[in-house]
Every structure is written in C-alpha cells, then in structure tokens.
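Down below is the structure, laid out as structure tokens.
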Number of protein chains: 4
Amino acid sequence: MAIETQNARKYRLTVSCPDTYGIVAAVTQFLATHRGWISEAHQFADPETCTFFMRYEILADSLPFDLDVLKNKFEPIAEAFNMTWQITDASVKKRVVLMVSKEAHCLSDLLYRWRSGDMDFEIPCVLSNHEDLRSYVEWHGIPFIYLPVDQADKEPHFRAVREQIAAAQADAIVLARYMQILPEELCDLYPSRIINIHHSFLPSFIGARPYHQAAVRGVKQIGATCHYVTSELDAGPIIEQDVHRVTHHNTTTDMVRIGKDVEKAVLARGLRCHLEDRVLVHGNKTVVFA
Amino acid sequence: MAIETQNARKYRLTVSCPDTYGIVAAVTQFLATHRGWISEAHQFADPETCTFFMRYEILADSLPFDLDVLKNKFEPIAEAFNMTWQITDASVKKRVVLMVSKEAHCLSDLLYRWRSGDMDFEIPCVLSNHEDLRSYVEWHGIPFIYLPVDQADKEPHFRAVREQIAAAQADAIVLARYMQILPEELCDLYPSRIINIHHSFLPSFIGARPYHQAAVRGVKQIGATCHYVTSELDAGPIIEQDVHRVTHHNTTTDMVRIGKDVEKAVLARGLRCHLEDRVLVHGNKTVVFA
Amino acid sequence: MAIETQNARKYRLTVSCPDTYGIVAAVTQFLATHRGWISEAHQFADPETCTFFMRYEILADSLPFDLDVLKNKFEPIAEAFNMTWQITDASVKKRVVLMVSKEAHCLSDLLYRWRSGDMDFEIPCVLSNHEDLRSYVEWHGIPFIYLPVDQADKEPHFRAVREQIAAAQADAIVLARYMQILPEELCDLYPSRIINIHHSFLPSFIGARPYHQAAVRGVKQIGATCHYVTSELDAGPIIEQDVHRVTHHNTTTDMVRIGKDVEKAVLARGLRCHLEDRVLVHGNKTVVFA
Amino acid sequence: MAIETQNARKYRLTVSCPDTYGIVAAVTQFLATHRGWISEAHQFADPETCTFFMRYEILADSLPFDLDVLKNKFEPIAEAFNMTWQITDASVKKRVVLMVSKEAHCLSDLLYRWRSGDMDFEIPCVLSNHEDLRSYVEWHGIPFIYLPVDQADKEPHFRAVREQIAAAQADAIVLARYMQILPEELCDLYPSRIINIHHSFLPSFIGARPYHQAAVRGVKQIGATCHYVTSELDAGPIIEQDVHRVTHHNTTTDMVRIGKDVEKAVLARGLRCHLEDRVLVHGNKTVVFA
C-alpha cells in the first residue's frame, strides 16, 4: 500500500476523556469503516488521573466526506466517551497575534520561520507598546500596531489590546517578550491560547529580572520556559523548557545574551507544538504529543 | 474508572506490518471485546517504507484468559495483516548474558541496576576473556565464567562462548566493553539480540581506538552508541546515542574517562528499551517506542 | 622542551584576593625563578566584585625544594596581595567520609570510581543511619558504621556523626543521599567541605519530595544540584547542576528513577572538581576551574 | 580596586609558542610594569605537543601608550619565546563577508545578531550565487552582490568571489550555507579565516546530503559542525559542534528542518569565538578560549 502521506492534506483529531475500555477501538473502527487513513497516532493514558488523551492525523482525502460531515459523524462517539475533542484542518493556518516590546530576538526568529515556511501560520498583526520594531515588522508586509502604555493607567492599553486581538480573529497570542503582565480578564478570555516565553527555568526565578536572580544564586545552568498564560503570574501549564550551561565567567549581561538564544529556541518549539495541535492541557499540566 | 495500572502485570504486544487501513481498529476491537485494558500505546507509520509499527501494554488481569490463549486468539488478526509480531509477559524477566573484558564501568553500572531493581532482568552468567572482574561479579552471586582467548586461534573461545550462551538460554547478550569482534555465525544466531556499546558517535570513528581518532580529528563532542550487533563491524541498527562536550583541555586520556560515563549511560538506556520490548528493528534502523 | 606532565606529581595552588595589578606577574615570576613548570593554569577576575581567582598546577619535581619550603617562600607574595590561598600536593589523596541512607545509586557510582581509580580519593568510612548498604560497602574493605537515628532525639546521632568524622580526619564529607538535615553547628564546622546532592534543579523545589513537586508543576526537565552544605537548607554554593528531559509519559515514579541517573552523574562531577581543588567559594557562589 | 572592565575598550593578545619556563611571567611582568590591567586571561599548555597557548584581554586605557607602541614593546618578548602572536583592538570591528545560496536560516540569524548588536562585526557585503535573498539583505542596508555560477565553468565565479573578498578587505569569510566547494587556491589565500557550517556532526557524513545519509544510517542524534575551511573537503579545524536528538518519527525532511536550528546556533557560537579572537589554530585542531 503506497500512499503519499508527507505532503497530503490532513485533519487533526485531539481527544481528552476519562479512561475506559474501547476508546481507541471506537475511534479507529469509525475511521476504518470510512477508509480513513491515519498517518500519525499518539495516545496516552495518565495512570494518576485515569484520563485518556489521543491525537490522530488523518489524510483528508482518504475520507469520502468533508470536515463538517466528519465532525457530525464523530459526535456520537465523542458523547459516548464524554470526550473533550476537536478536529482541525491542518491546511487552515492558525492566526497568531504577536505581542512584543523592544527585544527583537524572539520576534526575529519567529518572522524568519514564518516567511521561510519553517512554521505554518498567519500573522494578522504585531502589537507593541514601543515603536522600536515597526520597520522590521513592516518590511514583512505585516501590520504593526503601536499601543502605548500609560503607567498611571494601563486599562486603556489593555482594552486596545483586547480589541485588536478580537479584530484579528486570533487563534493564538504569543507574548514574544512583551514584558507586561496581562490583566486577569484577558487571560481568562483565551485559555490555553496565550503563549508566553519566560526567561527562566520555571518555577525558578518567578517574576522580574530572572537572570539577575540566577546570577545572585550562582546557578550553573540558565533556562527558559514556554507556557500558557493564566491569571496567576508565571504559573500556567508548561509547554516546553530548556537550559544552557553557564560558568563563573558569565556575568549577568552574558546570561541575558545566552538566555536569548534559549528563549527563542524554546518559544519556537513550544509554538510549533501549539500550531500543530500537539498540546493538550489537563489541569495545570500539558500532554505534548511531539 | 479507577484501575491500578502502574504495578499491575502486563503483556506487551509488538507488531510490524505493511501499513494499510484498519490495523489499529482490528487490534483494539479485539482487545475491547475481551475488555483488555491498554495501559500504554504507541504506533508509528513510516511514510518512507509504508510500514506500520505498534507496541501496546495490556493489563494481564483485565483479560479473561492467559497468554497462550491470547496468542491463539490474536493469530488470525496477525495473519490478516501479515504481521511480524510477539506478545510477551512483562513479569517474565529476560535472561541477559553479560560479556566483559577488563573495563568495569558498564558492568558495574548494570549490576547496580540489576541488584537495586532499577532494571528488571536476570543474569544467568557473566562471560569474560579475563579474570579481572571475577570477584566483583561473584559477590553478586552471579556465575563468572572465564573463557580465555588464544590469539593464534580464537575459534575455541568463540565455540565456548556459543555453548555458554546456549546453556544460559539467553534472551539477550550484552557486550559490555567485551573488546572482541564476534564471528559472523555467532552474530547471525542472535539477530537483534546482541547489544554492543561502541565508544564513539557512530558512524564516526568505526573500529579500534575511537577516542584516539577523535582526539586526532579535534572534535568538540565525543559520544557513544548502543547498537545491535550484525556481522558488519559497528554497522548494526542503532538503538541509542549520546554525546558529551570536550575541550582542548581534554587529552585522549581524559576523553577515555569522560567517554566511560557516556558509554554506561547510553548502554543502560538502550538495554532498558530492549528489555521492555520497546525496540522494533526494521532493516538497519530501529523504531524505539520510549 | 619535552616534559612529561600528564602523570607527574603536581602541586595545586589556589588563590582568591582583591583584584589588582601584578598578581599573575608576581606568582609566575616567583615560579619561573625556581624553574617551576606550570602544567595547567586558570585565572578569573570577577568584574562584579573585583575579586581575582587563580588555580595553577605545578610539576612538583620541577622545583628545587619541597612543599613546606614552597609554602614558606610563597608566603610573602600571598601577604602582599592579601590572598586567601592554599597549596596542596595532588598525590596526597583526600579523605572523604560518605554518608548514606538506603538509596544505593550515588554510593554505588562513587565506589566504582574509587575502586577503579576513575577518581582519586580515600574513604576512611561510610556512615549510615540504616544497615541496608553494609554488605556492599564492606565487600570493598571499607568500614561501614551504623549510626541509628532516634526520631525523638536526633542529638545523639549527630554527636556520633561528628565524632566519626573527626576520627576519620575527613577532608570532605559527601552526603550521598543521606536524607537527614545536618544541624547548624556541624555545617559550620566544615565550611565548603560538606557536599550534598540535591534531587532538584535548585532553587526549584527546595525541601522534601522534589520529584513529587516537579510532577505537580508539570516541568519538562528534571535536574539535580551538587552544592556545599551551609546551615540554610538547600541554599549553599552550587558546584554543579544538570537536567534530563521528561515527558507526560513519565510518572512521579519514573522521575525518581530518571533523576537518580542525573544525581549520580552530577555528584560525581562535583566531587571530582572538589577533589582536584577546582572549586573556589566566594560568598554564596563558586568559581569552578574545570 | 574598583575598575570598570565590562564596557571598557580592550586589547586582545593571543600567543602560541613552544612551551617552556617563564612565558607567563615575562608577559605579565611586562604588562604589570606598565600597569596594564588584565581583565580576562586564559592559558593552555598542550602536553601532547608541548605547545603553549594564551589569550589575554587588557584594558586599553590602563596602558600609557597606544596599540602600535604596545606591539613594538611586546616584540622582544615574542621573539625570545618564538611566539606566533597578535594583538588586536577589540573596538575595531572585524569585516565579515557572508556567502549564501538560497537557504536563509543562518543568514537571518547572523543578520539579527548584527543589527541588534548581539555580535559585533561589520558586513561589507553578502555574496550569493542566487538572487533569492537580495531583498532581505538590502533591507539591512548591506550590499548584496549576485555572482552566478556557470556549472560548465566555475572559474569565472570564483575569480569574482576572490575579487569581491579582496575589495571588501575581509577579515573573515562565512559560508552561511553557500553550497559550493571553494577552489583550493581560495582556501589557501585565507587560512583560518574562512568559516563554514557543515550540516553534520563531522567526521560523520562528509560530503553531500548529510541528512539523507543520517536518515539512512538511522542515527539518533543529528548535528552540525562549524569549522575553518581548508583545501580538503570538510576536514578543516573544528571550532564548534552540537547535536539534537531525533527519533523514528523524524523523516529526512524533519531532519533538515531540525538541523537548521542546530546549524544556525553552532555557526553563531563559532563565529562569535572567531570574532573575539578566542580560536587559536594548531595543526588541524583548535584551542577555543571560550
């Protein structure tokens, strides 16, 4: 059986539900009946919470009907197993609003991945509380929207942010070193859709100036954490983390510089997983089918 | 549904077959019919060879029959899909013959894992062409069998090795820095069951004295490779690899020392996967469901 | 100039002092005058505290006098620059008391390194609050001293510990998963000489059950930290750290198992640096000339 | 003594010479005499070739004379010890010609580092055998010079390359995925100044399509190597290497994608060391004082 799977259009099914007998059997029996071709499959049964997770990629053209019909036909199975689920069309690019401040390392890396096709997403706009990165963003043909912050009253800023995100019909919001704490109500509006890159190996060094804290503590590795934003600061579900070795030679300034490379790599890996529907949130933890 | 899965007795089903529709459906439908509880599931469809691989862990006590009946009942499914397959009882420890020379780092690490229960296997005997490690092995209550090598005629040595392995009813043979090249016929007797730790990041530095070669080339990382032994030297399917950074400060002697730590870690990880039936060999490559 | 340096007897000079002009000039001029051969040299000037650190290895037989004379002759230079300094004879093995509880992974690894010569030190005795590891230690010909802990009154235990350490003339004490918090006065008796392996990437997860804490937080890497013990719990100067990736597949039990491999590797690397006088403590941080 | 060293102007002295007594003493005595302030110092005595290497950073304003006088005054010391040496002014940015083909990942990363000040160098021009990257380069205000390759006769191309490099007064040439093999005479013109990023963990997979080779061999980690170009293909002195884990899930296409991230990181680290005069070449190996 020779089927071209690598470049074919795919649907992505993700499921979380209480673990029990026959979940996979029901799903795969359903797909096999319609000769749906599964090109990638991941399952995980969490023994501690007795929860079942799955993510399947299915070749769209192997099915004799379209996405809406697929969803309709899947609905009874989902109900039978009390599933939290979604099916997305992988060819529909997610709309990602980038929020930045003055630092360009994460933005620059993401824009390279966007324009080269390394990662597949749309950027309806870049929002910033500073003008510094306007020219670079606009060279890419992407709208750059300057939303200043009045330190005495941040409310107008965040209202504008909320409006722009809504207008952009964002599927995800990436805080690419945005450097402002989002208000609780904004966090709650987009659960598991706002992605932050924190410049420490959480839960170490929560809050401001983590590299300064790391230098004071004398750690031998510094890290970065990509996580979903919740209303509790730096406490949301972790998607991805990594570290880089430092030595006594490295001053706080060096750590900031070294850390930027870790940050941009970790953010890119985390965002890629999110874009490909590989991250399933469960409580304050994530299942990442990478 | 609260089922204790972490410490329960399990069967392990592994399958390789041509990829097609309905494989998972057939397997899971069969299990669900008998209320077999899947505690861990991995699948992989290789798009380049159109081959399908799967590994399931099933709670033994969730099934209403024993292993032999399970195999019998599974047979028709296996035939229908032209599967290469096996089902093992995870509670039956594999019998692993260790072969060593003079170096103790891998042996010592594996014996710690054996006696502490960190890894679950039996050691019917340790074979060696030197007496150096006898006392340490025997303290563990494990037979140490000295099989000297006559450099002018190695045939008697390897005949004795073959006999001991057969007598030990070995499921796997681990060359824990054994330092002799096995004859082709011995390699062919135990396909995908002889595990070697090579002290380089293969395919770099095939053959003798890899750290010396690495020092001459001036590499910045040295590595180790755990692979199945085939009759072609250092060319068998790779199970696991890792590297460690070195600098100009590190002499060849240092590289040997640093390398030992990488070797023992890589061998232990590779062997663990083998013991847990996580490694499926396909041509000269492996699928490792870790 | 062909001098055999790798296996020659060496002195190790370590220095910390306020940074200023001419420190290296004074030291090296002194050595050159006596034709002292420097086989390894590290210096570091900390720009944040304006402190200077150095570590030199000098071939003992290149000097026309012995260690005592060397120290006497060096004294005036040390005074001129207000140095904290020491010169040790690398051929004199450090005496290291190991303290353990029930877990064998770190002990087993260190004993392998000791008996194979991978690391160069003496073990006058192993102290433990449990009998579990007696047989293994005694096979090595090392005294195993059982010092039980009365949970209602730990004072007798720690008095016995203090006496044994004193009797052993310990240069260093290694808490190889000893699992008891040392009393402040014991910590203060041996500054920068008690080495602990903590099973988390400090400062994350201070205190008890760090893997449990890590599992709850959903981190994607777990780590271990080798540090000098001070009277403040888990807050002493960090010598070495490392991490290992975990995924959602890894339960708390898995993390404990994976973590043990990180722990023993980190402890071994940290202890090696300590044994070779490569760790200079400065405030709550370390300079490690590795 | 409180001296601001982090942002001060510095000279960089690098030395290679036969190892003997008194080298450091002579150099530091000379500097101390003129109250030259050493802000960073590295030395290395290679026991295998009995060669001595050093790299010092000296605060320019601590000396009572300028760079030319410094060089003149240092000359006698250099002659006495038969040194290969140089002293550079760290504030004079190196001129780096970038050579690219169609792939943008390394170029994009280097241009970010250039424009953000993350790395300190000048780019007189970018040379390419394709037009693809013109617009992106020119947005940065950097000349983009298109030099097409006639596959039937590459000589005119390389003559043009040679002329452009000469006209640019290049201190270094970076082959940022240039994908053409430079002719021997061009390699010989710029020893230890042409830097290539090779997309494998050398010496594995020399030559074309290394990721394809890696996929066929079934390796578990893929890597990249930053090295100086010599006339022997992929065999020049290695500056920096790193690897990234891959699994059976990763197709050749995935490896190319993952590899790009390793390549750009390794090239950036290698180039940084080169720009800061941290790489001393000795035979076919490097001493990297990082």
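One table, with the values for the structure above:
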item: Matching residues in segment B:13-53 - criterion: being touching a Cys at 6+ places or on another chain (Cβ under 9 Å), closer than 16 Å to A:Gln43 by Cα and not aromatic (Phe, Trp, Tyr); result: B:Ile23
item: D:Cys50 being farther than 13 Å from D:Ala90 by Cα and in contact with an Asp or Glu (Cβ under 9 Å, 6 or more places away or on another chain); result: yes
item: Members of segment C:140-159 found to be within 30 Å of B:Glu103 (Cβ to Cβ) and either loosely packed, with under 13 Cβ neighbours inside 10 Å or in contact with a helix residue (DSSP H, G or I) (Cβ under 7 Å, 6 or more places away or on another chain) (or both), listed by number; result: C:His140, C:Gly141, C:Phe144
item: Residue, nearest to C:Ser128 (Cα to Cα), within segment C:44-76, restricted to residues that are surrounded by fewer than 17 Cβ atoms within 10 Å (Cβ to Cβ) and among the aliphatic types (A, V, I, L, M); result: C:Leu67
item: Criterion violated by D:Tyr228 - all others in (1) touching a helix residue (DSSP H, G or I) at 6+ places or on another chain (Cβ under 8 Å); (2) over 30 Å from A:Ala41 (Cβ atoms); (3) of a type outside the set (S, T, N, Q); (4) crowded, with 20+ Cβ neighbours inside 10 Å satisfied; result: (1)
item: Yes/no for D:Gly283 being at the interface with chain B (Cβ under 10 Å from one of its Cβ atoms) and on the phi > 0 side of the Ramachandran plot; result: yes
item: Single residue of C:Thr14, C:Thr33, C:Thr51 found to be within 30 Å of C:Val126 (Cα to Cα), of a type outside the set (Gly, Ala, Ser) and not assigned by TED's automatic domain parsing to the domain that holds C:Leu182; result: C:Thr14
item: D:Val216, sole failed condition from (1) surrounded by fewer than 17 Cβ atoms within 10 Å (Cβ to Cβ); (2) aliphatic (A, V, I, L, M); (3) part of a loop (DSSP other than H, G, I, E, B); (4) within 14 Å of another protein chain (Cβ to nearest Cβ); result: (3)
item: Selection within segment C:109-123 - over 17 Å from the mean Cα position of the chain (by Cα) and surrounded by 21 or more Cβ atoms within 10 Å (Cβ to Cβ); result: C:Tyr112
item: Selection from segment B:127-148 of residues that are part of a strand (DSSP E or B) and of a type in the set (S, T, N, Q); result: B:Ser128
item: So D:Thr84, is it under 22 Å from the mean Cα position of the chain (by Cα) and either farther than 22 Å from A:Arg257 by Cα or surrounded by fewer than 17 Cβ atoms within 10 Å (Cβ to Cβ) (or both); result: yes
item: Search result, residues across segment D:84-126 that are hydrophobic (A, V, I, L, M, F, W, C), in a strand (DSSP E or B) and without any contact (Cβ under 8 Å) to a residue 40 or more places away in the chain; result: D:Val126
item: Scope segment C:36-95; condition among the hydroxyl-bearing types (Ser, Thr, Tyr) and under 18 Å from C:Pro18 (Cβ atoms); matching residues; result: C:Thr49, C:Thr51, C:Thr84
item: So B:Lys94, is it out of contact with any strand residue (DSSP E or B) (no Cβ under 8 Å at 6 or more places or on another chain), modelled with pLDDT of 95 or more and either away from every other protein chain (no Cβ under 14 Å) or over 23 Å from A:Phe44 (Cβ atoms) (or both); result: no
item: Residue tally, condition basic (Lys, Arg), in contact (Cβ under 8 Å) with a residue 12 or more places away in the chain and either more than 10 Å from chain B (Cβ to nearest Cβ) or crowded, with 21+ Cβ neighbours inside 10 Å (or both), over segment D:242-268; result: 2
item: Every residue from segment D:231-241 that is more than 9 Å from every other protein chain (Cβ to nearest Cβ) and either part of a helix (DSSP H, G or I) or touching a helix residue (DSSP H, G or I) at 6+ places or on another chain (Cβ under 7 Å) (or both); result: D:Ser231
item: Among the residues listed as B:Ile206, B:Ile181, B:Ile195, the single one being outside any helix (DSSP H, G or I) and within 16 Å of the chain's Cα centre (by Cα); result: B:Ile195
item: Criterion violated by D:Val137 - all others in (1) within 23 Å of D:Arg193 (Cβ to Cβ); (2) surrounded by fewer than 18 Cβ atoms within 10 Å (Cβ to Cβ); (3) touching a residue at least 12 places away in the same chain (Cβ under 8 Å); (4) assigned by TED's automatic domain parsing to the domain that holds D:Arg278 satisfied; result: (2)
item: Of all residues making up segment D:33-51, the number that are more than 7 Å from every other protein chain (Cβ to nearest Cβ), farther than 26 Å from A:Thr251 by Cα and assigned to a loop (DSSP other than H, G, I, E, B); result: 2
item: Residues of segment C:91-100 satisfying the condition of being surrounded by fewer than 18 Cβ atoms within 10 Å (Cβ to Cβ) and aliphatic (A, V, I, L, M); result: C:Val92
item: Sole residue being in contact (Cβ under 8 Å) with a residue 40 or more places away in the chain and under 23 Å from B:Val216 (Cβ atoms), chosen from D:Ile165, D:Ile239, D:Ile194; result: D:Ile239
item: Top-ranked residue in segment B:13-23 [being more than 7 Å from chain A (Cβ to nearest Cβ) and not hydrophobic (A, V, I, L, M, F, W, C); ranked as nearest to B:Phe74 (Cα to Cα)]; result: B:Thr14
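Residues are listed down the side, and each one gets a yes or a no for (1) facing chain D (nearest Cβ under 10 Å); (2) assigned to a loop (DSSP other than H, G, I, E, B); (3) in contact (Cβ under 8 Å) with a residue 24 or more places away in the chain:
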{"position": "C:Ala25", "(1), (2), (3)": "yes, no, no"}
{"position": "C:Phe30", "(1), (2), (3)": "yes, no, yes"}
{"position": "C:Glu57", "(1), (2), (3)": "yes, no, yes"}
{"position": "C:Lys71", "(1), (2), (3)": "no, no, no"}
{"position": "C:Phe74", "(1), (2), (3)": "no, no, yes"}
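The values are calculated or read from the model by the stated rules, or taken from the named source; none is laboratory data. Computed from a predicted structure; not experimentally measured. So basically every Cβ, Gly included, is an ideal-geometry build from the backbone, and we count neighbours across all protein chains shown.
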